[in-house]
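S.K.: Got a structure for you, written out below as structure tokens; questions coming shortly.
The values are calculated or read from the model by the stated rules, or taken from the named source; none is laboratory data. Everything numeric here is computed off the predicted structure, so don't read it as measured data. In this analysis, Cβ positions are derived from the backbone assuming ideal geometry, glycine residues included, and neighbour counts consider all displayed protein chains. Each accessible area value is taken on the protein alone, full model and side chains, heavy atoms only, with ligands, DNA and RNA left out. Shrake-Rupley method; radii C 1.70, N 1.55, O 1.52, S 1.80 Å.
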Amino acid sequence: MAAAASLKLPALERLSKETTNQWVYRSLRQAVMLGLVPPGRPVTIRDVANILEVSTTPVREALRRLSSEQALEELDNRRILVPNMTAARFRELCELRIALECHAAERAMPYMHGAKLDELAAIDKRLDDANDAGDRERIIALNQQFHRFIYEANPHQTVMPLVESVWLQLGPFVRLALSRLKDFYQVDRHSEAMAALRRQDPLGLRIAMEADIRDALTHVGTNELLKAYVESPDSIA
């Protein structure tokens, strides 16, 4: 298992009026959501504080918040780590993601037209470029951006915190699995989703969104990697 000192955190720009506590939390949350911290990997307060060049107080608060979101787990010995994955938990998170995101996409559909569809296509083009380059970190980030852009088009949406909670719990394992898959996007479900949005076709959109999630998660979940991981997480971490 890698040493905690080699923890990789995204270089997030500090937002205007953002407190240190908020910035540290956002940086750690992004790292977990992108799968930059492997499952079973300890996260220590001191090492994170050294990497981000902050005191231990905002790090401790960020780790507490992420533990409450089930993105991290605090053991009896006070060690904090990214939880290991089980087959049953993976399936539950997969089905939950489908339910939440199909709902969010359908509710956002009336607001997705014109310039918004053009911007969505531009995000998808950047995702295709990242896939061609084999940049898995950027693939995950842009895939999340694609989905988030659709859902947040609905000015009345309240689902994103729930969606991101699922992304947080899936991110570490999905990144680990994708690093061992030769071809992530075998069928371009995003094109199907965008076509359904242009037609304002709710059934077509639901089918495309569910297929997109299942293509990524169910394929990973039935991959031999998941079986090996459940039996011996450290052997592939």
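S.K.: Within the set of pairs 6 or more residues apart or between chains, which connect a residue that is touching a residue at least 24 places away in the same chain (Cβ under 8 Å) inside region 93-121 to a residue that is small (G, A, S) with Cβ atoms less than 7 Å apart?
M.R.: That search, which allows pairs on different chains as well, returns C94/G221; A108/A153; Y111/A153; M112/A153; K116/A153.
S.K.: I've got another one for you. So is F146 within 15 Å of the chain's Cα centre (by Cα) and modelled with pLDDT of 95 or more or not?
M.R.: In short, yes.
S.K.: Let me ask something else. Being in a loop (DSSP other than H, G, I, E, B), of a type in the set (V, I, T) and either free of Cβ contacts under 8 Å to residues at least 60 places away in the same chain or open to solvent by less than 10 Å² (accessible area, probe 1.4 Å) (or both) is the filter here; which residues of region 29-86 pass it?
M.R.: Result: V37, V43, T44, V54, V82.
S.K.: Given the residues L100, L117, which is the only one that is within 17 Å of the chain's Cα centre (by Cα), open to solvent by less than 40 Å² (accessible area, probe 1.4 Å), closer than 30 Å to H190 by Cα and not acidic (D, E)?
M.R.: Answer to the selection: L100.
S.K.: Kindly indicate which of P58, P39 is of a type outside the set (D, E), in contact with a Phe, Trp or Tyr (Cβ under 6 Å, 6 or more places away or on another chain) and more than 20 Å from P161 (Cα to Cα).
M.R.: Among P58, P39, only P39 is of a type outside the set (D, E), in contact with a Phe, Trp or Tyr (Cβ under 6 Å, 6 or more places away or on another chain) and more than 20 Å from P161 (Cα to Cα).
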